[in-house]
Amino acid sequence: MKNRLSAYLCQLCLLLAASGAPVDSLESSFQHPPASARPWVYWFPLSGNLTRAGITADLEAMARVGIGGVLYMEVDQGAPLGAADFAGPLWMDMFSHACREAKRLGLEINFNNDAGWNGSGGPWIRPEMSMQKVVWSEMLATDSNRPPLALPQPLTTNAFYPDIAVLAMPEPKVESLVSSFVIKASSQPAGIIKDIPSLAADFKEAPAGSVIARDQVIDLTARMDREGHLNWAPPSGQWLVMRFGHTTTDKENKPAPASGRGLECDKLSAAATAFHFNQLMGKLVE
């Protein structure tokens with residue numbers, strides 16, 4: 001190991017010499033690191049407890065010990081509420097002061113995309129702009145059912161639910177081919193899956209009668225009204241009617257003070273992501 005390390009150091013010295021740089025520049029850089037090598041720290045103000053004097057004292061102490069920059073994340077950890085509500089007028093003034101002081105001291109400030117230390121959300125995100133999940137309801141029908149069929153309402157969270165599609169198919173002969181389906185679809189938390197080899201058992205040949213051919217699936221979306229009434233008379237046999245829609249996951253950014261806490265924006269929506277950015281980061285840039 002010592003021989004290998006010595007060989008690497010020799011190669012490094014040869015490379016430095018070949019580049020025209022002095023061999024002792026590496027040692028000099030360790031003794032006097034450039035500004036780009038200075039470490040950064042997390043900066044966690046608590047629930048609007050900000051003052052100009054406190055901000056200046058924090059940043060001056062950081063500069064004094066060689067800190068290069070901070071990642072600002074305001075959090076709620078049970079502290080009494082301060083006067084500067086997150087993203088409010090006084091808070092904006094405090095943050096502008098922090099940026100000016102950082103520039104004066106040669107520090108940089110990075111900023112999380114919301115309050116708290118995870119996520120991209122806030123009180124300005126409405127349910128339709130929030131993270132979404134597909135939900136559905138099921139109904140068995142036969143030719144004895146007369147239209148209109150009243151389809152069950154799928155799960156609705158935060159009073160938000162648009163329909164996606166209504167599909168009918170011959171009733172499958174097998175309930176489910178995949179064990180722990182709701183966990184694997186991330187519809188239910190389950191911690192760490194430890195028994196990885198057992199997962200392979202789920203991907204075996206499907207039993208006879210469990211696979212529905214595509215040409216047997218009927219798209220009935222256009223036949224359902226806004227109240228979930230389906231104008232369709234089932235043919236003979238047993239039919240599975242599935243009503244698909246989507247609703248908010250209701251997940252919020254955290255641990256954030258109340259003035260900065262709200263639904264997570266939908267990262268798969270360009271409009272929702274841009275809206276969230278402009279509600280906070282855009283205003284900071286401005």
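Just a few scattered comments:
- The slack between LEU71 and THR273, meaning 0.36 nm per residue of separation minus the straight C-alpha distance, is 70.6 nm.
- For the pair ASP215 and ASP163, label points projected 7 Å from Cα toward Cβ lie 2.8 nm apart.
- Estimated FRET transfer efficiency when R0 is 35 angstrom, pair GLU227-MET281 (beta carbons, to 0.05): 0.30
- Each of ALA258 and SER36 was given a label point 7 Å from its Cα along the Cα-to-Cβ line. The distance between the two points is 4.7 nm.
- Peptides 156-164, 43-51, 213-221 ranked from most to least packed, by the mean per-residue count of other Cβ atoms within 10 Å: 43-51, 156-164, 213-221.
- Relative to the current alpha-carbon distance between ALA206 and ASN49, full extension at 0.36 nm per residue lengthens the span by 50.5 nm.
- Sorting the segments 77-90, 250-263 by their residues' average number of neighbouring beta-carbon atoms within 10 angstrom, most packed first, yields 250-263, 77-90.
- Net +/- balance of residues flanking GLY106 in space, Cβ distance below 12 Å, scoring K and R +1, D and E -1: +1
- Of the residues TRP117, TRP239, the one with the fewest other Cβ atoms within 10 Å heads the list, and the complete ranking is TRP117, TRP239.
Taken together, the values in this text are just the output of simple stated rules run on the coordinates, not laboratory data. Everything numeric here is computed off the predicted structure, so don't read it as measured data. No Cβ is skipped: glycine too gets one built from the backbone with ideal geometry, and neighbour counts run over all protein chains shown.
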